[in-house]
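Inspection log for the structure reproduced underneath, given as structure tokens.
The values are calculated or read from the model by the stated rules, or taken from the named source; none is laboratory data. Computed from a predicted model, the values in this text were never measured in an experiment. Every residue, glycine as well, gets a Cβ built from its backbone with ideal geometry; the counts of neighbours run over all protein chains shown.
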Amino acid sequence: MSNHIKQKKEQTESIAESLYGFFQYLLSGILWVYIFLLVVAMPFYFTQGYVSIGTDKANFLRQWSLRLGRLLLPVLVIYCVLRVVIYFQKNGLAAFMGMNAGRLWKVFREHFSVTDIFAVIFGCSLLLSYSCSDYKEQAFWGAGGWYMGLVPQLIMLLAYFLISRAWLKSRCFFLLLFPASVVVFALGYLNRFGIYPIEMEAQSRSFISTIGNINWYCGYLVSVFFAGIGLLWLGKEVKVGWRVLAVLYALIGFASLVTQGSVSGIFALAVVLVVMFCLSGTDGKRMQNFWQIAVIFSAACMLTYFIRRLFPDRLNFMDRFINLLTDNAFLFLVTFVSVIMLAVVYCLNRRNCYSEKIGGYIGRVFAGVVLAAAVIFVGLIIWNTLYPGKIAFLSEKEIFTFSDKWGSYRGATWKAGIMCFLEQNSLHKLVGAGPDCMSAFLYEDGSEQLVALARENFGAATLTNAHNEWITVLVNMGLTGAVGYVGMMMSAIVRYIKAGKRNWIVGACGLCLLAYTVNNMFSFQQTMNFSTIFIMLGVGEAYLRGIEGKA
């Protein structure tokens, strides 16, 4: 009799596990469709060229998220129920009821990372901020043209958890990401020379590729491009053919990055390269890959240099950084040094003479020098702003005086954002004005001084965000939202890049998150970069959970 009961129990467990497997594949299939739509289709979606491209992409995200959400919801419910059933079949109700606090915490930590915890805090802060907002109509979907309100952010937060848990991970993800993004990069590069393979209504030098405004394009570029750089830097078992394609991807991406026109992207590039160099010191192969990447970067700059020499009037956007990187004889020295260093490290590795100890020491010293230089730079700005003329000839440089016009009016946007936060009452300092509601607070309830600041610097244009993601989050979702969002991003960056030693995909996602975060210190969330980076966040977490053996 007992054997019969045992067999029946095993059959029940087998049926539950089979159904669970089926719904897992079904759920993953829906997620694959969603990833395809956001990664491959959305970058190329528009209805009237650049006229309403931001709204077009926001509507695309909204419509397809809701359509697939209706299909996904019942599948997700059944999937979760079956998972609970299997848990109790294997462990029994008594085991669950008998858990003490220590055991519950251990189970919790086995299933939730520190990034997950901050993500939950961020999600709760979104709901709390919306519920306490005085501008609920705008907070629900977001300000017109940006649409970074409650629903879009909750959608992408849910996408992070689903991708990290239910998506059946595969490197095929990059077979979607790389071809789509390299076409976007190539179009952007051609556009900079006045070549428009795709005619876009209202096209001008302020718009680029199929993404839109320069800031939008730069935000998208840095959110995906460094996945390819991560492959070249960390990939150990990548076939030669794939590495060649990755080199071509990097060449086109670098060429587009140095000519796109947004300084924040160049700053993000510099920070990522510094981090890569410092972390490469203790590994000869990684250091070799770093200098290979440096050579590719130099080649992209040299390519643009010679194109500009052949067609001197074709480049339709120029600034000091574009000229520095693509129209300066200094490029020849940079290229020469990169090639020599690649050859030296390659020879040392071939002879097994590369010293990890010395390399690590150089990396630490370089990191210290860069950090000290950054502190000194900020200190000089503060000192010269408070006491004009006190830093000799540097006082004449605009960069060393913080004003409304500093950093292409970042001084005014940051100041406006901080004033918005300070002018809120105690409750809204904690929960914010509401998702994507900075403009609503500023123009409806801001002080005369605050409104005057915005009008004086931006005229009739609406200041929707602070052009600094963290300040904007602080205004919109308060201290609780800022803690959740910053904690989620920073913990993921550290965890993913650290885990890159074991899996290049996790490390590549970490580089994308780092570049996105640095870029958005001078920029903002928008449909393309926000949706893309949350997918990268989910993919990185999915692979990291696999490394750590988490369910």
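So which of SER170, SER206, SER181 is within 28 Å of GLY230 (Cα to Cα) and free of Cβ contacts under 8 Å to residues at least 40 places away in the same chain? Even if it seems obvious, please write down each step before you answer.
Numbers: SER206 fails: within 28 Å of GLY230 (Cα to Cα); SER181 fails: free of Cβ contacts under 8 Å to residues at least 40 places away in the same chain.
Only one candidate passes the filter, namely SER170.
When residues of region 158-197 are filtered for being under 21 Å from THR304 (Cβ atoms) and among the aliphatic types (A, V, I, L, M), how many remain? Break it down into steps so the answer makes sense when it comes.
Kept after step one, since they are under 21 Å from THR304 (Cβ atoms), are these residues of region 158-197: 181-197.
Adding the requirement that they be among the aliphatic types (A, V, I, L, M) leaves 182-184, 186-187, 190, 195.
Final tally of qualifying residues: 7.
Would it be correct to say that ALA270 is under 19 Å from the mean Cα position of the chain (by Cα), among the small types (Gly, Ala, Ser) and surrounded by fewer than 20 Cβ atoms within 10 Å (Cβ to Cβ)? Outline the logic, then answer.
Numbers: under 19 Å from the mean Cα position of the chain (by Cα): yes; among the small types (Gly, Ala, Ser): yes; surrounded by fewer than 20 Cβ atoms within 10 Å (Cβ to Cβ): yes.
Considered against the rule, which asks whether it is under 19 Å from the mean Cα position of the chain (by Cα), among the small types (Gly, Ala, Ser) and surrounded by fewer than 20 Cβ atoms within 10 Å (Cβ to Cβ), ALA270 comes out as yes.
Could you grab me the full set of residues in region 514-525 that are out of contact with any Asp or Glu (no Cβ under 8 Å at 6 or more places or on another chain) and crowded, with 24+ Cβ neighbours inside 10 Å?
LEU514, ALA515, TYR516, ASN519
Can you tell which of PHE421, PHE402 is more than 27 Å from the chain's Cα centre (by Cα), of a type in the set (Phe, Trp, Tyr) and either loosely packed, with under 15 Cβ neighbours inside 10 Å or within 22 Å of ASN520 (Cβ to Cβ) (or both)?
On the way: PHE421 fails: more than 27 Å from the chain's Cα centre (by Cα).
Being more than 27 Å from the chain's Cα centre (by Cα), of a type in the set (Phe, Trp, Tyr) and either loosely packed, with under 15 Cβ neighbours inside 10 Å or within 22 Å of ASN520 (Cβ to Cβ) (or both) holds for just one of PHE421, PHE402, which is PHE402.
Being basic (Lys, Arg) and at pLDDT 95 or above is true for just one of ARG495, ARG502. Which residue is that? Walk me through it before giving the result.
Numbers: ARG502 fails: at pLDDT 95 or above.
Criteria check complete, one pass: ARG495.
Test ARG67 against the criterion of being outside any loop (DSSP other than H, G, I, E, B), at pLDDT 95 or above and loosely packed, with under 14 Cβ neighbours inside 10 Å, and give yes or no.
Values: outside any loop (DSSP other than H, G, I, E, B): yes; at pLDDT 95 or above: yes; loosely packed, with under 14 Cβ neighbours inside 10 Å: yes.
In short, yes.
Quick check on region 486-527: of everything there that is in contact with a Ser or Thr (Cβ under 6 Å, 6 or more places away or on another chain) and polar (S, T, N, Q), which residue is farthest from LYS239 (Cα to Cα)?
Selected residue: SER523.
Collect the residues in region 343-361 that are touching a helix residue (DSSP H, G or I) at 6+ places or on another chain (Cβ under 9 Å) and either small (Gly, Ala, Ser) or part of a helix (DSSP H, G or I) (or both), keeping them in residue-number order.
The initial filter retains those residues of region 343-361 that are touching a helix residue (DSSP H, G or I) at 6+ places or on another chain (Cβ under 9 Å), namely 343-346, 348-349, 352-356, 359.
If the condition is that a residue be touching a helix residue (DSSP H, G or I) at 6+ places or on another chain (Cβ under 9 Å) and either small (Gly, Ala, Ser) or part of a helix (DSSP H, G or I) (or both), then ALA343, VAL344, VAL345, TYR346, LEU348, ASN349, SER355, GLU356, GLY359 are the ones that fit.
Do any residues in region 21-35 that are assigned to a helix (DSSP H, G or I) have Cβ atoms under 9 Å from those of residues that are of a type in the set (S, T, N, Q), where the two are at least six apart or on different chains, and which pairs are they?
Within 9 Å, the pairs are TRP32/SER170; TYR34/SER65.
Determine whether SER439 is surrounded by fewer than 20 Cβ atoms within 10 Å (Cβ to Cβ), among the hydroxyl-bearing types (Ser, Thr, Tyr) and out of contact with any strand residue (DSSP E or B) (no Cβ under 7 Å at 6 or more places or on another chain). First the steps, then the outcome.
Details: surrounded by fewer than 20 Cβ atoms within 10 Å (Cβ to Cβ): no; among the hydroxyl-bearing types (Ser, Thr, Tyr): yes; out of contact with any strand residue (DSSP E or B) (no Cβ under 7 Å at 6 or more places or on another chain): yes.
No: the conditions fail for SER439.
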